[in-house]
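Just below is one structure, and these are the notes that go with it.
The values are calculated or read from the model by the stated rules, or taken from the named source; none is laboratory data. Just so we're clear, the structure is a prediction, and the values are computed from it rather than from any experiment. Every residue, glycine among them, receives a Cβ derived from its backbone with ideal geometry; neighbour counts consider all protein chains shown. Just so you know, the surface numbers come from the protein's heavy atoms only, side chains and all, with ligands and any DNA or RNA stripped out. Shrake-Rupley method; radii C 1.70, N 1.55, O 1.52, S 1.80 Å.
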Amino acid sequence: MGSGGSNFSILSPSAGKQLFVYQVDLSISSQEQGIYQIYLNNSKKLTLSSSSTDLVTLSGTIKPLLGQNNLKVAFIGNTGTYATKSVSFYFGNRTTGGGSHSGFVKNGSLYTWGRNNKGQLGFGTSTGDLANATITKLSTISDVASISFNQNNSLAIKSDGTVWAWGANAQGQLGQGDNVELETSATTAGPRHPPREVPGISNAVMGSFGFNHAVVLKSDGSVVAFGQNNVGQLGNGATGLSSTSYSANPVTVVGLPTDVIQVIAGSEHSAALTSTGDVYVWGRNQYGNLGDGVIGTATAVTSAPKKITSISGIKQIANGRDHILALKSDGKVYSWGLGASGQLGTGGSGSPTPVATPTLVNNISNATSVWANGTQSFAILSDGTVKGWGANSTLASLGIGNTTTAKVYEPADAVIGIKNIVSFGCGATHNFSMLSDGSLYGWGWNFKGSLGRPDLQESWGAATPVLVTLPD
């Protein structure tokens, strides 16, 4: 740092933060007159200025690069003072869970474990539907920046912006132009599809797998999708869809603004968030997924995105099988869709009916991110703890040390022993948190070895988080 000019601090992003939306919300606290030049990975991105010696907050937005980012703020004062300050952060999803398989990214390498009947671990082979509790570093793919697993599929985005997919393919969800699967049955050992690049997609910055379809955001704000399309979940405006409709090639999602910063995919719906805080949803509406006040039918088609008009100021979204969470900039969380397991967090008892309009989640006012899969939901709070709600029971999905409570209808107990979370991965019934010290913890249902601990009983629920150790 040069002499003087140090009366400023970088409020956001914080050091070590992981970003899960395609936008850096920059915030600088300043008490000196001058200009602030913002560099990202040594490339100048933005200039801010202050004309006051009072304490003021300067803000702006820039786009991150996949993987590790270094942000430097260079201050040039009106009196000739000069100083620099830097923070590093990560953009991308390093932790994920699928139906019963799991993955983690470390230094560009991808580690996988759990179920592999469809080849979803990426080995290129399978021993059938046996447990795979041993964490394995993949040799079939490298230079990975972000991952998304769901159901029986896996997706990775490399740092060069290419998209790679593997696992089940009966609905063309690998984006390879076909729906060929190599196994004669899920229990048959033998070859499976290894990770393969999805043709025709470049400059990807984010991807999300639903049950049988995937949605990908590109750096120019456009969105593409591939896989099952029976109720319009690909968002390409297609008509005449049927229960067997799919596209094995990427298609463009129509009708979205150009400032999309996040995409997510559920069972048969998809959603997008814009930089202005608006949420768009398309596809299935059987449980009020579209958030438009209407409960649809199982076969109703919505093949183009629809803006939810009743909420605004959203900064992150998440979804489970058929419910969606939306985090507002004020730290409150809204939910809608399927609520039978309490996953909406709005209270109740028994099997609550679906909710078709975004509704405030109880007892949450200071969330910094939201996560969901299956019929469970989580919010990471500003104090670094995490609270879950929804299905629990003997699966122990919520990590609260309790396997007798079948459903948690609103946020209450925090996940035991977990704090300072920087990354989160939701499977259907199991979950992971990476802490600020780099350690990884998992909890929930250990089906097919999905927790990555060979010493734990299979088909058993870890009601409190257990340490997961990656091999070298």
Residues in region 188-200: is at least one hydroxyl-bearing (Ser, Thr, Tyr) and closer than 27 Å to Leu65 by Cβ?
no
State all residues of region 1-56 that are polar (S, T, N, Q) and farther than 20 Å from Gly80 by Cα; if no residue qualifies, say none.
Ser12, Ser14, Gln18, Gln23, Ser27, Asn41, Asn42, Ser43
Among (1) at negative phi; (2) open to solvent by 60 Å² or more (accessible area, probe 1.4 Å); (3) part of a loop (DSSP other than H, G, I, E, B); (4) touching a strand residue (DSSP E or B) at 6+ places or on another chain (Cβ under 8 Å) - the single one Ile400 does not satisfy:
(2)
Criterion first (open to solvent by 30 Å² or more (accessible area, probe 1.4 Å), over 26 Å from Arg115 (Cα atoms) and among the polar types (S, T, N, Q)) does Ser365 satisfy it?
yes
I'd like to check something: does region 286-295 contain any residue that is open to solvent by less than 20 Å² (accessible area, probe 1.4 Å), in contact with a strand residue (DSSP E or B) (Cβ under 8 Å, 6 or more places away or on another chain) and not in a loop (DSSP other than H, G, I, E, B)?
no
Residue hits (region 67-88; within 11 Å of Asn41 (Cβ to Cβ) and surrounded by 15 or more Cβ atoms within 10 Å (Cβ to Cβ)) are Gly67, Gln68, Asn69, Leu71, Lys72
Quick one: which strands (runs of 3 or more DSSP E) lie wholly within region 430-472 and hold at least 2 residues that are under 26 Å from Gly108 (Cα atoms) and open to solvent by less than 10 Å² (accessible area, probe 1.4 Å)?
430-435, 440-445
Residue hits (region 214-230; open to solvent by less than 10 Å² (accessible area, probe 1.4 Å), closer than 18 Å to Lys63 by Cβ and assigned to a strand (DSSP E or B)) are Val216, Leu217, Val223
Among the candidates Thr274, Thr346, which residue alone is more than 18 Å from the chain's Cα centre (by Cα) and of a type in the set (Ser, Thr, Tyr)?
Thr346
Given Leu241, Leu273, Leu234, which one is surrounded by fewer than 22 Cβ atoms within 10 Å (Cβ to Cβ) and touching a residue at least 24 places away in the same chain (Cβ under 8 Å)?
Leu241
Taking the stated definitions as given, is Pro352 assigned to a loop (DSSP other than H, G, I, E, B) and open to solvent by less than 10 Å² (accessible area, probe 1.4 Å)?
no
